[in-house]
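Heads up, the thing below is written out as structure tokens.
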Amino acid sequence: MAVLKLESLKTFYETLTGEVKAVDGASFEVEKGESIGLAGESGCGKTTIALSILRILPTNGKIVGGKILFKGTDIAKLGEDEIREKIRWKEISIVFQGAMNALNPVYSIGYQIKEAIQLHEPYVTSREALERAKKLFELVGIEPSRINNYPHEFSGGMRQRAMIAMALACNPSILIADEPGTALDVIVQAQVLKLLNELKEKLGLGMILITHDLSIIAETCEKTAIMYAGKIVEHGDVVTLFKEPLHPYTIKLIDAFPDLTAERTRMIAIPGSPPNLLNPPSGCRFHPRCDFAMDVCRKVEPELIEERKGHFIACHLVSKRSGS
Amino acid sequence: MKREKVTSLLAIWFPRGVVVEMDETVIRVEGLRKWFPVRMGFFRSLFSRMQLYVKAVDGISFEVRKKEIFALAGESGSGKTTTGRVLLKLVEPTNGKMYFKGKEITFLGKNEFKPFRRKMQMIFQDPYESLNPRMTIQGILEEPLLIQGIMGEDKEERVFKALEDVDLIPPEEFLLRYPHELSGGQRQRVAVARALILNPEFVVADEPVSMLDVSIRAGILKLMEDLMKKYEVSFLYITHDLALARHICDRIAIMYLGKIVEMCDMDDLVKEPLHPYTRALMAAVPVPDPTSRRVEVKVKGEIPSPVNPPPGCRFHTRCPEYIGSICKTVEPALIEIKNGHYTACHLYSK
């Protein structure tokens, strides 16, 4: 059984100008020791999914529908106290985007990890917590003797490692990594991704990797979900999705990605820009930018259907083709 | 007298071949250095005599030819952005020489340099910060014309044409808008239009697409390529993304800690990278293909501080192909290994 299962999750933000439908029906599963990549352009709702799972949405954000099933229980309905005591950090934790700014500059890193442990496990003594923090440092490849250093004494890559150590402090079963590579240099990024992969295998973590970079997903994930304007448009295992993408958006997104080793070609851009989620386009949300838009695309919203085993897609073109 | 000595030294360091005929090169740089003094506290300045410098750019030479996109690539802190800024004299160089179409511009004063500004422009990284939020698009595009004293009807015509060139059509619709009314991609198009409105011959593009979404990047880059062909502009394209550079650049120089470690045609680099750093950089680029296995990244650690760069070859502290004490003591020169393919590494200097 899947450790974490999302069932048509809907998260909206209340703003002065109206309701922003940041996530509008997202479903996927994460299994033990498996990583799923959530990809899409900025503003498509990737990070909102992560914040919804951990229940740390800003005050104007609300889960308005759907289920978040963690080992069978719907955590979208749990109260704040229960979430804090049972789920957050102990079962599901997150490595935030931009490790550079996620650490508090006035406390030592050891103190910050200790704080995370003691907050969620109040019976642990300071000394034990610090010992655990040292073990975590070893796990992520930082000298344990540097436990009392401050964030400014660490380089970017080390800070990212420290953030990972902190996320693992209470032995979670699901780790969400929000853009773990951005803001790092390519070589350091490769090191961090390698570390995440090793940890996944060693600790049997389920991982949700949020990124806008498809090539990172191709290298580290088993499954991937492509998001567009708050919806999952295609979902399946990495190899099928990259080798035989079906949704026009996925196809274009993969084409827009430059490949260092491939022949020099002209890159293909997707015309237009992502829609405003205050007022998303009717029908299929991709239709204003799609080359194959038909009448039905403008009117009816396509459902996410299982085209082949484990390969889900939401597109009228594909459902028509397979239907006829 | 002193200058002559420097030039003759340069001739020894950078033998024939680096310098191609004058009419083909738009920008030529010889032994350019930019050292930023480290500000010290009052007490430290009392007790320490030594002024420390951040050696952001430390003796680099290259040239940008006519109608060419030349890439400067490297990790952050390698000095690529500083190089771009020094070239446009947004910061003053420490020493070395810079030529624009054969004329030396290294130490020109502000007024003397002004006519060159017309020919040399820049596209900045972040379109959310490089456009003045209080000016309309028309105002933003007119400003360079006003500064260069282009008035009257000609001015409006040029603004219109510039907007059309960057596919912001119809131009009337954009003229009176403010930057916050445009999307990221449209803003960067305005930035491109602003850079090209004076018909420059050389443009520095500092990571022009790194702040944009993937689906929009290709459009901006294609636009740059088209305009380069149409107006015969040369670009210095500063980037950390080798995969992107591969698809739009003709030649490339890889920088590490203020030095060029490899310089060649883009195709040669992909076919046969010579310097261990280049190889590491290329191995680290993720491949958008789940079936291909990544080559193991052997390089450890991160880029050292440019205040106190390692002696000898600057990469020796992280190099997986370290060959002995020579790397630690002798700084390798940038030498031509094959036709037009330069690298600075002791592996090849035997």
For chain B, percent of DSSP beta bridges that are antiparallel (nearest 5) comes out at 60
What residue among B:PRO332, B:PRO286, B:PRO306 shows peak mean-square fluctuation when chain B is described by a Gaussian network model with Cα springs under 10 Å? B:PRO286
Among the listed pairs B:LYS110/B:LYS222; A:LYS21/A:LYS243; A:LYS10/A:LYS71; A:LYS71/A:LYS309; A:LYS10/A:LYS194, give every one whose C-alpha distance is greater than 25 Å. B:LYS110/B:LYS222; A:LYS21/A:LYS243; A:LYS10/A:LYS194
Using Cα pairs closer than 8 Å and at least 6 residues apart in sequence, work out the relative contact order for the stretch A:92-171, in percent. 44
Rough spin-label spacing in nm, given labels placed 7 Å along Cα→Cβ, for A:ARG127 and A:GLU244: 6.2
From the phi angles alone, apply the Karplus equation (6.51, -1.76, 1.60; θ = phi - 60°) to the stretch B:93-99 and give each ³J(HN,Hα) in whole Hz, x where the residue is Gly or Pro. x, 7, 7, x, 9, 10, 10
To the nearest whole number, what is the average tally of beta carbon atoms from other chains within 10 Å of the beta carbons of peptide A:267-278? 5
How large is the dipole of the stretch A:21-63 about the Cα centre if only Lys and Arg carry +1 and Asp and Glu carry -1, each at its Cβ, rounded to the nearest 20 debye? 240
So for the pair A:VAL300, B:ASP267, with labels modelled 7 Å out along Cα→Cβ, what separation do we get in nm? 5.0
Express as a percent, rounded to the nearest 5, the fraction of DSSP beta bridges in chain A (both residues included) that run antiparallel. 60
Roughly how many Å is it from the Cα centre of the stretch A:7-56 to that of the stretch A:57-112, as a whole number? 14
Which FRET efficiency value, to the nearest 0.05, is calculated for A:ALA262 and A:GLU7 with the Förster distance at 51 angstrom and r the Cβ-Cβ distance? 0.85
Pick from B:ARG194, B:ARG279, B:ARG44: which residue has the top mean-square fluctuation in a GNM of chain B where Cα pairs under 10 Å get a spring? B:ARG44
I'd like to know which of B:ILE140, B:PRO276, A:ILE87 lies farthest towards the positive end of the charge dipole of the protein assembly as shown, counting +1 on Cβ of Lys and Arg and -1 on Cβ of Asp and Glu. B:PRO276
Taking the alpha-carbon centroid of each part, what is the distance from the stretch B:46-91 to the stretch B:238-286 in angstrom? 17
What does DSSP give for the protein assembly as shown in terms of the percent of beta bridges that are antiparallel, rounded to the nearest 5? 60
Extreme residue, positive dipole direction of chain A, given options A:ILE56, A:LEU38, A:VAL186 (C-beta unit charges): A:ILE56
Which stretch or stretches of the stretch A:284-321 have amide N atoms under 18 Å from the point lying 7 Å from A:LEU57's Cα along the Cα→Cβ direction? none
Ranked from fewest to most other Cβ atoms within 10 Å of their own Cβ, B:TYR256, A:TYR150, B:TYR128, A:TYR13 fall in the order B:TYR128, A:TYR150, A:TYR13, B:TYR256
Cβ charges +1 (Lys, Arg) and -1 (Asp, Glu), total dipole of chain B, debye: 1660
Between the alpha-carbon centers of the stretch B:92-155 and the stretch A:263-283, tell me the distance in whole angstrom. 32
Please give me the summed charge of the neighbours of B:ILE69: other residues whose Cβ is under 11 Å from its Cβ, Lys and Arg +1, Asp and Glu -1. +1
Given H placed 1.01 Å from N in the peptide plane, which residues other than close sequence neighbours of B:HIS341 have an amide H under 5 Å from its amide H? none
Kindly point out which whole DSSP H helices in chain B project their C-alpha atoms 20 angstrom or further along the helix axis while averaging a Kyte-Doolittle hydropathy of -1.0 or above. B:214-231
Gaussian network model of chain B, springs between alpha carbon atoms under 10 Å - residue of B:ALA283, B:ALA71, B:ALA195 with greatest fluctuation: B:ALA283
To the nearest 20 debye, what is the magnitude of the charge dipole of the stretch A:178-244 about its Cα centre, counting +1 on the Cβ of each Lys and Arg and -1 on the Cβ of each Asp and Glu? 120
Would you mind checking the stretch B:272-309 for residues with the amide N under 13 Å from a putative spin-label position 7 Å along Cα→C-beta of B:ILE323? B:275-276
Using modelled backbone amide H atoms (1.01 Å from N, in-plane), which distant-in-sequence or interchain residues come within less than 5 Å of A:LYS231's amide H? A:ASP24
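The numbers here are math on the coordinates, done by the rules we state, and not lab data. No experiment lies behind these values; they were computed from the predicted model shown. Neighbour counts run over all protein chains shown; Cβ positions are idealised from the backbone, glycine included.
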